[in-house]
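A.B. asks: Here it is: the structure, laid out below.
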Amino acid sequence: MILETLSILAGICVLQFFAELPAGYWYFLAAPAVLAARYLPLLRLPALALLGFFWAAMHAQLHLDNQLARDLQGRDLLLEGRVADIPVRLSDSGWRFLFVSEYIDAGDGWQPYERRTRLGWYRTRERPRAGERWQLVVRLKRPHGYANPGGFDYERWLFQQRIVATGYIRDDARNQRLAEGQRFTAGRVRATLAERLEAVPRDSPGLSLVRALTIGDRSRVDAGQWAVLRETGTSHLMAISGLHISLVAGLVFLVSRWCWSLSGALAEAVPSSRAAALPALLAALVYAALAGFSLPTQRAMIMVSVAMLILIRGRQTRPLNVLCLAMLVVLAVDPLAVLSAGWWLSFSAVSLMLYAGGGHIGGQPLWRRLSYVHLMLAVGLMPVLLINFQQASLVAPVANLIAVPWVSLLVIPVALLGVLMLLVSDTAGSWLVDLACLLLDTLWPLLAWLGDSGLASWQQPRPPLWTAIPAIAGILLLFAPRGVPGKRAGLWLLLPMLSLRPPTPAPGEAVLTLLDVGQGLSAIVRTRNHTLVYDTGPRYSPTFDTGSSVLIPWLRSQGIRRIDRLLISHGDNDHIGGLQSVLDGIPVNHLSAGVPSVVSGFPADACLEGERWVWDGVIFDILHPPAGHDLSGNNASCVLRIESAGGRVALLTGDIEGRVENRLVAGHAAALSANVLVVPHHGSMTSSTPAFVDAAGADTVLYPVGYRNRYRFPRPEIVERYRSGDARQYDSASHGAISVDLPADGQPLLVTAWRCRTARYWRPASCL
């Protein structure tokens, strides 16, 4: 059964690397694959892989067919449906929530429209609640997110969550609550519990963790708490998944079995294990309902259901076969679950625990067995963690050895009981929630201390996927039973994953990367041994900016641990918003800005015309602003010229406008000549004058713009102006991160667009 399950899984995984789904006529291969799997033993495994491939492709196609029609983007649409989860409070007195629509009016009357959308409701006095039915006027767009190496793939996440569009609610008189929702639905109960948890008077950081552990609401866990959890490898404790569902089911199972066994007559009529399976299954179902039946809890419920149903039937089955059966059921229900890192972590963890319990640690004291299991999990999950997050905790074995039993056996039972008691008695419920918070507050200083240690985590660039194969083999060999020859060779099999690094530029070569930061600008210039960052992108809220979400992950993905020079063109939010996160996240040797006063909390020099430095044979020149200037805003932007040893030139211009462009044409016409130009002011009509465009003469122009931005940048007139000069044009909204190699030997430019390079069927390519 193991090989059959792995074959189906392999077929599903292969599909995830396709840029497009197979055409419809290819699905006719499914029929002979079924016959081959049934009647041709030699072809059984390839046939099962083919069936897995087409099963996943069918699910993917059905979801793509449900995506928002392009002609509905940017229009006022009237939706009717229900709030499907607990709304998350935004910083501007607004909300964000999942909305499941049932009907739509796009101007031609009401039509059925069953879709999942993610909505923001800004600056409103309304308070939507889970389970309520609403009529809302919205503006939607198709799924779109930043596309950068090392960054979070928001589009993949939306696709895996079956969300077909994102958008916001318009200020309109037609917005109205239609119904409060049925009283005893899971959504209504969760909304009630969320509000009563808010009313708990305890002022404790643990309260946000209790919300996460009980009702699955992680929105209140702050960045500092997430940092501690991430550094200690305990983030999984805050995601209601297989561990939590299985724990609750296991505790109820043990208690029920003990109670049932007290009656000899009952135990004789029905074995206690079979009798205890049903209440355990019901307890798991209640917990999953409290968590909102999120996709991870659905997968956990399937796993628990398979195990409990096998017990109810009274069949003796190997644990590994139970795991395989659970995996098959999960993949049958949701083959796109493989797009989730949580799915891989869950099944990998269970597989490793079964492997550890395969007889070679029996007879050891309990503490040694637990230590061995946690060590194996820390090492064994490293491939999944490094591939998905470029980070793995080195203190995870110690942290989890303490935190898992503490949270699982003490915090969760008390917290769940307290939350459920809130429905009956505020006093009793609050007392139990306080106790759960106290238990978490007792644990937290230890986790914080472990997380603050200098060697808490291992960070590296994302390893190539192929390195996972020798790494897995090495892990299995390292933790094989005693007597297996060549165990130490497992360490050598881990080396490719831990040691391979992205290539660095050659001497005299520069690589310019324009990141996708939405409506803003952030660019990185790399030489052989140095890194320059030009602007840091926007800050959207107190908890989200592109410095932490895009720039830092990109630097880590390239193995860059230090910024030699950080240059802030000017003080507008879309250029400086991520600065503080960058300064907090990575060492910076030198900071300069067009107007140094826009930078606070870190010494900054003025960026001034005439400054020149050379890194690894690459020349950097500041062309603007001049010394003693009184410029501010856009026209104070630093203009940076980069020239490789091969004479290839790139020009970074910030947001300069026509008057500064005219000055540069008059005084630096020769220096303006460039092969690559990051277009001034995002392609607005205030910049890119005909004289400047002619003086630059760039054959490759890059637009730093946001998807469907409200300014409609780049303006069509500007695009046409550059097109008349036969320039190749790229924009970050369509192409994602754009990398341009400025060679040292006079070879042609090499342009790489991330969306083109990593095209997937849920994220179509945009190539020039």
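We did not get these values from a lab; they are worked out from the coordinates using the rules stated. The shown structure was predicted, so the numbers you read here are calculated from the model rather than taken from an experiment. Because the Cβ atoms are built from the backbone with ideal geometry, glycine has one as well, and the counts that use them run over all protein chains shown.
A.B. asks: Could you grab me the full set of residues in the range 397-420 that are surrounded by fewer than 18 Cβ atoms within 10 Å (Cβ to Cβ) and more than 28 Å from Leu352 (Cβ to Cβ)?
C.D. replies: Those that are surrounded by fewer than 18 Cβ atoms within 10 Å (Cβ to Cβ) and more than 28 Å from Leu352 (Cβ to Cβ): Leu417, Leu420.
A.B. asks: Working only within the range 80-134, note down all residues that are of a type in the set (Gly, Ala, Ser) and more than 15 Å from Arg177 (Cα to Cα).
C.D. replies: If the condition is that a residue be of a type in the set (Gly, Ala, Ser) and more than 15 Å from Arg177 (Cα to Cα), then Ser91, Ser93, Gly94, Ala106, Gly107, Gly109, Gly120 are the ones that fit.
A.B. asks: Being within 23 Å of Asp694 (Cα to Cα), part of a loop (DSSP other than H, G, I, E, B) and in contact (Cβ under 8 Å) with a residue 24 or more places away in the chain is the filter here, so list the residues in the range 704-743 that pass it.
C.D. replies: Pro704, Val705, Phe713, Pro714, Arg715, Gly725, Asp726, Ala727
A.B. asks: Here's something else I'd like to know. Can you find a residue in the range 256-274 that is among the hydrophobic types (A, V, I, L, M, F, W, C), surrounded by 16 or more Cβ atoms within 10 Å (Cβ to Cβ) and within 34 Å of the chain's Cα centre (by Cα)?
C.D. replies: So in the range 256-274, the residues among the hydrophobic types (A, V, I, L, M, F, W, C) come out as 258-260, 262, 265-267, 269-270.
Within this subset, residues satisfying the condition of being surrounded by 16 or more Cβ atoms within 10 Å (Cβ to Cβ) are 260.
Keeping just the survivors that are within 34 Å of the chain's Cα centre (by Cα) gives none.
Scanning the range 256-274, I find no residue that is among the hydrophobic types (A, V, I, L, M, F, W, C), surrounded by 16 or more Cβ atoms within 10 Å (Cβ to Cβ) and within 34 Å of the chain's Cα centre (by Cα), so the answer is no.
A.B. asks: Only one of (1) part of a strand (DSSP E or B); (2) out of contact with any helix residue (DSSP H, G or I) (no Cβ under 7 Å at 6 or more places or on another chain); (3) aliphatic (A, V, I, L, M) fails for Ala627. Which number is that?
C.D. replies: Checking Ala627 against (1) part of a strand (DSSP E or B); (2) out of contact with any helix residue (DSSP H, G or I) (no Cβ under 7 Å at 6 or more places or on another chain); (3) aliphatic (A, V, I, L, M), the one that fails is (1).
A.B. asks: Write out, first by first residue and then by second, each pair whose Cβ atoms fall under 7 Å of each other, whose residues are 6+ apart or on separate chains, and whose first residue, in the range 406-423, is more than 21 Å from Ala199 (Cβ to Cβ) while the second is assigned to a helix (DSSP H, G or I).
C.D. replies: Close Cβ pairs satisfying both conditions: Trp406/Leu443; Val407/Leu237; Ser408/Leu247; Leu410/Leu439; Ile412/Leu213; Ile412/His244; Ile412/Leu247; Pro413/Leu251.
A.B. asks: Restricting to the range 74-107, count the residues that are surrounded by fewer than 16 Cβ atoms within 10 Å (Cβ to Cβ) and outside any strand (DSSP E or B).
C.D. replies: Number of matching residues: 7.
A.B. asks: Ok, one more. Can you pull out every residue in the range 527-565 that is in contact with a helix residue (DSSP H, G or I) (Cβ under 9 Å, 6 or more places away or on another chain), part of a loop (DSSP other than H, G, I, E, B) and crowded, with 17+ Cβ neighbours inside 10 Å?
C.D. replies: Of everything in the range 527-565, those that are in contact with a helix residue (DSSP H, G or I) (Cβ under 9 Å, 6 or more places away or on another chain), part of a loop (DSSP other than H, G, I, E, B) and crowded, with 17+ Cβ neighbours inside 10 Å turn out to be Asp535, Thr536, Gly537, Pro538, Ile560.
A.B. asks: Moving on to the next point. Just one of the numbered conditions (1) farther than 30 Å from Gln558 by Cβ; (2) touching a residue at least 40 places away in the same chain (Cβ under 8 Å) is not true of Pro143; which one?
C.D. replies: (1)
A.B. asks: For the structure I just gave you, tell me whether Thr513 is of a type in the set (Ser, Thr, Tyr) and either in contact (Cβ under 8 Å) with a residue 60 or more places away in the chain or outside any loop (DSSP other than H, G, I, E, B) (or both).
C.D. replies: When the stated conditions are applied, Thr513 passes them.
A.B. asks: Among what's in the range 714-762 and is touching a Pro at 6+ places or on another chain (Cβ under 9 Å) and of a type in the set (Phe, Trp, Tyr), pick the residue that is surrounded by the fewest Cβ atoms within 10 Å (Cβ to Cβ).
C.D. replies: Trp762
A.B. asks: For residues that are among the small types (Gly, Ala, Ser), more than 25 Å from Gly224 (Cα to Cα) and free of Cβ contacts under 8 Å to residues at least 40 places away in the same chain, tally how many sit in the range 554-606.
C.D. replies: Count: 3.
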